[in-house]
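Reading through the structure tokens given below for one structure.
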Amino acid sequence: MNDLLPDLFDQFADKIHWVSSSYRSFGGHQCFYGPIETVKCFEDNSKVKSLLNQPGQGRVLVVDGGGSMRRALLGDLIAASAIANGWAGVIINGCIRDAGEIADMAIGVQALGTAPIKTEKLGVGIVGETIELNNIKIRSGQWIYADLNGIAVSESQLEIE
């Protein structure tokens, strides 16, 4: 399935919220979805790395990086860890690096762009924090759906046909 969001909005317009189409798809899986885990961090991916080293169980990590375009919050090594631990994807309000490598990886990744510079590791960030992307509140436990059409959120899992 390549175009998930149009069908979801046709079927569940009252149960799904449009987040944005301003994010770019970088991962090998352009269509992905799952329950949300959130982390809020700014130019420090310590918590991102820690979470993606834990069992993902098909979840999608949504990272509020404050929209920073100066440092990458995800690279190929952390993306490989996410795959090994069963995460469905990562959505970053910020940047990734190693875009060429991530494009060939079996994971969904969406971000605002790329930056070749890694972050400092200061252990800063808040896991499970309610975050806001494009005026949509996103909480751990909700469901997120992403494809080349953009990103959408629902309170619970939607039945995909």
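Could you list all residues from region 55-77 that are out of contact with any Asp or Glu (no Cβ under 9 Å at 6 or more places or on another chain) and not small (G, A, S)? Scanning region 55-77 gives P55, Q57, V63, M69. Within region 25-34, the residues that satisfy the criterion of being buried (at least 23 other Cβ atoms within 10 Å of the Cβ) and assigned to a loop (DSSP other than H, G, I, E, B) are F26, G27. Could you go through region 35-44 and let me know if any residue there is outside any strand (DSSP E or B), crowded, with 22+ Cβ neighbours inside 10 Å and over 14 Å from the mean Cα position of the chain (by Cα). No, the conditions are met nowhere in region 35-44.
Okay, residues lined up against (1) under 15 Å from V39 (Cα atoms); (2) assigned to a loop (DSSP other than H, G, I, E, B); (3) touching a residue at least 40 places away in the same chain (Cβ under 8 Å); (4) of a type in the set (G, A, S):
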site	(1), (2), (3), (4)
P55	no, yes, no, no
G58	no, yes, no, yes
V63	yes, no, no, no
G67	yes, yes, yes, yes
R70	no, yes, yes, no
L73	yes, no, yes, no
A82	yes, no, no, yes
G86	no, yes, no, yes
C95	yes, no, no, no
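Has region 96-119 got any residue that is more than 18 Å from F26 (Cα to Cα) and not charged (D, E, K, R)? So far as region 96-119 goes, yes, one or more of its residues are more than 18 Å from F26 (Cα to Cα) and not charged (D, E, K, R).
When you scan region 119-135, do you find a residue that is farther than 18 Å from N45 by Cβ, acidic (D, E) and not in a strand (DSSP E or B), even just one? Looking through region 119-135, none of the residues is farther than 18 Å from N45 by Cβ, acidic (D, E) and not in a strand (DSSP E or B). Considering region 102-118, the residues that are outside any loop (DSSP other than H, G, I, E, B), over 14 Å from D147 (Cα atoms) and of a type outside the set (A, V, I, L, M) include one that is nearest to the chain's Cα centre (by Cα), namely G113.
Throughout, read-outs are computed from the coordinates displayed, never taken from laboratory work. As the structure is a prediction and not an experimental result, all values here were calculated from the model. Because the Cβ atoms are built from the backbone with ideal geometry, glycine has one as well, and the counts that use them run over all protein chains shown.
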